[in-house]
Every structure is written in C-alpha cells, then in structure tokens.
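Read-outs: derived from the displayed coordinates by stated rules, not from any lab. Just so we're clear, the structure is a prediction, and the values are computed from it rather than from any experiment. Don't worry about glycine lacking a Cβ; one is built from the backbone with ideal geometry, like all the others, and counts go over all protein chains shown.
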There are 2 protein chains.
Amino acid sequence: MIKLYGYFRSSAAFRVRIALNLKGLDYDTELVNLSTGDHLSDDFRRINPQGRVPALVVDGTVLLQSLAIMEYLEETHPAPAFLPDGAEARARVRAITNIIACDIHPLNNLAILNYLSGALSASDEQKATWYRHRVTEGFNAVEPLLAESGDTGKFCHGDMPGLADICLVPQVFNAQRFNCDLSSYPTIERVFKACMEMEAFDAAQPANQPEAAGIA
Amino acid sequence: MIKLYGYFRSSAAFRVRIALNLKGLDYDTELVNLSTGDHLSDDFRRINPQGRVPALVVDGTVLLQSLAIMEYLEETHPAPAFLPDGAEARARVRAITNIIACDIHPLNNLAILNYLSGALSASDEQKATWYRHRVTEGFNAVEPLLAESGDTGKFCHGDMPGLADICLVPQVFNAQRFNCDLSSYPTIERVFKACMEMEAFDAAQPANQPEAAGIA
C-alpha cells in the first residue's frame with residue numbers, strides 16, 4: 001500500500017509520480033495544497049517535519065525527499081532500472097540528476113520566489129531574471145554533458161529513461177511555465193520530447209492530476 | 001590515481017575530502033581558487049562544464065557533483081560503508097543528506113550570496129538573514145529526524161559515520177562562519193562533535209588545507 005502526499009505543481013512530487021508510473025506501482029494520492037498552506041499544518045509536519053511534498057508512505061513507513069525516494073524505489077523494485085550498470089555510468093546519471101535537483105530546482109521553488117518578492121522586495125522582472133538565470137546556468141552544463149557524450153541515447157543515458165530523465169522533465173515543464181527560452185538546448189528538448197511520448201511521464205504531468213481542475 | 005579539483009572553503013569539496021579520507025583513499029588536490037575565478041576559466045570548464053568544484057578524476061574519468069561522487073565511492077569501495085543495510089534505512093540517510101545538500105547548501109553558496117547583493121541589491125543584513133533562514137528551515141527538519149528516531153546513534157544513523165554526517169559537518173562549519181545560533185539543535189551539535197573527533201573529518205576541514213594559509 002503506497003500513498004503519495006503530493007501536489008500537481010510540485011516538481012519534486014512530479015518526479016515521484018513519474019518514478020512510480022515507470023516502476024508500474026499503484027498508489028493513492030493525498031493532496032497537500034501548497035497554495036492554501038496545507039504543507040505548513042501541524043498535521044502534515046507530523047508526517048514531514050520539513051513541511052514539503054512529496055512524502056511517500058510505503059506500508060506505514062514515511063519516506064522523504066524525492067531523490068531518496070527514487071533511490072529507494074530503485075532498490076526495492078529494480079526493474080525497469082533507473083540507473084545503468086557500472087559505477088561510472090551510474091555516477092554520470094546521478095551527476096546530471098543532481099545538477100537539476102540540487103543546483104536548479106531548490107533555487108526556483110515557490111517558497112524562494114515568495115521570499116525574493118517579500119523580504120528582498122524583488123520585482124516580478126527581478127524574480128523572472130533570477131529564475132531564468134538558475135535554469136540557464138544549470139542547463140548550460142546539462143546540455144554539453146548530454147550532447148558531447150556517446151552515452152546519451154534516446155534518453156539522458158542510453159535508450160531507457162532513468163533518474164536524470166525523471167528530474168529533467170519536471171524542470172523543463174517548470175521552465176516553460178516561466179517562459180524560459182530553451183532553444184539553445186536541443187538535446188534537452190529532444191530527450192524531453194522522447195520522455196513525454198511515454199505514458200508514465202504524460203500521466204504524471206501537472207495538468208493530468210485531478211486537483212489541477214479546481215486550483216488556480 | 002585520484003585527483004580532486006577543490007577549494008578549501010567549498011562545502012561540496014569538503015564533503016568529498018571527508019569521503020576520500022573515510023574510505024582510506026589517497027588523492028592529489030588541484031586547487032581551483034574560487035576567489036580569483038579559476039572555476040570560470042575555459043580550462044576548468046573543459047573538465048566541468050558547470051564550472052564548479054568538486055570534480056574528481058579517477059583513472060582519467062571525470063566525476064561531477066559531490067553526492068554522485070560519494071555514491072560512486074560507495075559502490076567502488078564498499079568498506080567502510082556510507083549507507084546502512086536495508087532500503088528503508090538507506091532512504092532515511094539519503095533523505096537527511098538531501099535536506100542539507102538540496103535544500104540548504106545550494107541556496108547559501110557564494111555565487112548566490114553575490115547575486116543577492118548584486119542584482120537584487122540586498123544589504124549585508126538581508127544576506128545574513130537569508131542565510132540563516134535557509135539553515136534554520138533545514139535544521140528545523142534535520143533535528144527532529146535525528147532526535148526522535150531510534151536509528152540515530154553516535155552519528156546520524158547508528159555508530160558509523162555515513163553520507164548524512166559527511167554533508168552535515170561542512171554545513172555546520174558554514175553556519176558557524178555565518179554566526180548562526182545552533183543551540184536549538186543539540187543532536188546536530190552532538191553528531192558534529194562526534195564527527196570532528198575523527199581524523200577523517202578533521203583533516204578535511206578548510207583550515208587544514210594547504211591553500212588556507214595563503215588565501216583570505
């Protein structure tokens with residue numbers, strides 16, 4: 001029995017939805033509405049003291065942090081694999097994963113953007129510039145790592161989607177939402193399109209979550 | 001033959017120094033002076049297109065991103081282990097690791113603090129508040145995850161240091177440098193002290209790197 005505490009627009013919850021779909025695991029969703037502050041309630045903090053989604057509950061055990069959850073799913077349900085064979089290849093996939101998950105995404109989440117406009121009085125234009133700067137810096141590294149490596153296939157590593165693809169797709173969605181120009185990243189765009197042709201990715205996208213209809 | 005591209009003050013390079021020491025691996029250091037912009041040179045970008053330290057070169061293969069490097073070291077040199085046995089226990093360690101490595105550290109690195117004072121005209125006080133806010137939010141989650149779990153031992157998980165400790169120690173160093181009050185985090189402080197009694201951690205600290213003497 002798997003329960004995902006999530007929210008349609010959370011990139012980190014989006015990752016876990018893709019991961020569960022790729023592994024073929026059924027799950028129930030418990031909506032944590034970030035727009036109304038559900039994540040900051042005492043009830044939710046008892047599940048996750050960090051007050052963030054996703055949290056995944058598997059047979060009563062609470063798992064936190066999307067990357068840790070994906071590694072857990074990989075260890076407990078090895079097929080289909082999110083990581084290739086060989087330590088060097090796995091390090092390559094995890095490096096691309098971490099550029100996105102450590103160096104782009106946490107700087108661009110809703111709480112940070114709100115902090116910029118609040119405590120630092122940033123204008124909408126300054127926030128948009130901040131956002132795009134983070135995406136540009138990260139994708140400027142990801143693009144050559146993909147384009148210049150013979151390990152890149154239909155997906156970030158070979159011809160099966162893995163950890164890096166699972167992080168890349170929500171980041172591209174998010175960047176599109178903030179009107180980032182991605183035309184300098186043809187390999188990222190190509191991999192993104194290949195992912196979105198798969199049901200596991202498409203079903204996980206924000207617009208396809210039930211709460212998307214009712215929340216602005 | 002292992003070469004670490006690093007810098008004494010980089011928390012991410014500090015992690016890799018600890019990891020190499022714990023695994024008992026000899027390495028050479030190639031200084032990348034962040035204060036003079038070495039990391040942004042074309043030469044270094046050919047090694048790491050992201051222009052960041054650490055990069056680890058193992059027998060000619062370049063490995064990027066500190067977490068990916070530590071997972072690589074764990075896979076190629078399993079003893080002593082950075083991760084416990086059991087998928088749930090491993091997920092716990094990786095969750096604590098990622099709270100620090102994704103949700104605290106990337107928001108507080110030098111490039112971000114410089115961006116705040118530059119593009120966003122943040123005052124020194126606003127930067128300090130930003131910094132402490134990030135540490136507080138993250139440590140407010142890490143502390144109960146440690147204090148309220150029977151899995152916590154002398155270290156973050158049991159009585160051997162692992163991935164979470166390797167990330168925690170540089171974060172505490174960094175927080176102290178920015179005068180964060182850590183008295184609300186007794187378990188974090190206890191684990192930090194236990195780590196710093198170990199030669200592997202102490203030898204890796206910024207002040208014990210050769211370049212520390214010559215750089216402001």
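Some points to look at:
- Length-normalised contact order of the range A:87-201 in % [C-alpha pairs under 8 Å, at least 6 apart]: 31
- Of B:60, B:72, A:13, farthest towards positive along the dipole that unit charges on Lys, Arg, Asp, Glu beta carbons give the protein assembly as shown: A:13
- Charge tally in the Cβ shell below 14 Å around residue A:28, where Lys, Arg are +1 and Asp, Glu are -1, residue A:28 excluded: -2
- Counted by neighbouring Cβ atoms within 10 Å, the residues A:123, B:183, A:11, A:66 run from fewest to most as B:183, A:123, A:11, A:66.
- Note on residue A:85 and residue A:196: the extension gain reaches 37.5 nm, defined as 0.36 nm multiplied by sequence separation minus the Cα-Cα distance.
- The ranking of A:70, B:1, B:160 by Cβ neighbour count inside 10 Å, starting from the fewest, reads B:1, B:160, A:70.
- The range B:2-80, relative contact order [Cα under 8 Å, separation at least 6], %: 37
- Formal net charge of residues neighbouring residue B:60 (Cβ-Cβ distance under 15 Å; K, R +1; D, E -1): -1
- Counted as membrane-span-like here are DSSP H helices of chain B whose alpha-carbon atoms extend 20 Å or more along the helix's own axis and whose Kyte-Doolittle mean is 0.5 or above; these are B:163-177.
- Taking only the Cα atoms of chain B, the radius of gyration and Dmax are 17.0, 49 Å.
- Between the range A:71-90 and the range B:1-49, the Cα center-to-center distance that results, in Å: 27
- Nearest-20 debye value, the range A:87-201 charge dipole, Cβ charges on Lys, Arg, Asp, Glu: 200
- By the equivalent-ellipsoid construction on the alpha carbon gyration tensor, the range A:87-201 comes out with semi-axes of 27, 14, 12 Å, ordered largest to smallest.
- With label points defined 7 Å past Cα in the direction of Cβ, position residue B:158 shows copy-to-copy spacings of 2.9 nm, given to one decimal and shortest first.
- Estimated purely from DSSP H runs of n ≥ 4, each contributing -39500 (n - 2.57), the mean residue ellipticity at 222 nm for the protein assembly as shown is -16000 deg cm²/dmol once divided by its residues.
- Amide H contacts under 5 Å for residue B:63: B:56, B:57, B:58, restricted to partners 5 or more places along the chain or on a different chain, H placed in the peptide plane at 1.01 Å from N.
- For the range B:166-214, the dipole from Cβ point charges (+1 on Lys and Arg, -1 on Asp and Glu) about the Cα centre works out to 140 debye, to the nearest 20.
- Placing unit charges on the Cβ atoms only, positive for Lys and Arg and negative for Asp and Glu, gives chain A a dipole magnitude near 360 debye about its Cα centre.
- Prolate/oblate/rounded label for the protein assembly as shown (Cα gyration tensor, a/c 1.5): rounded
- Local electrostatic count at residue B:120 - Lys and Arg +1, Asp and Glu -1, tallied over other residues with Cβ under 11 Å: +2
- In the elastic network of chain A, a GNM with C-alpha springs shorter than 10 Å, the most mobile of A:201, A:178, A:155 is A:178.
- Selection from A:115, A:178, A:133, by position along the positive dipole direction of the range A:87-201 (Cβ): A:115
- Under 28 Å from the Cα of residue B:127 - lysines, other chains or at least 8 residues apart: A:127, B:193
- In plain terms, the residue of A:112, B:96, A:100 with the fewest other Cβ atoms within 10 Å comes first and the most crowded comes last, giving A:112, A:100, B:96.
- Straight-distance crosslink candidates among lysines, where the alpha carbon sits under 21 Å from residue B:3 and sequence neighbours closer than 8 are dropped: B:23
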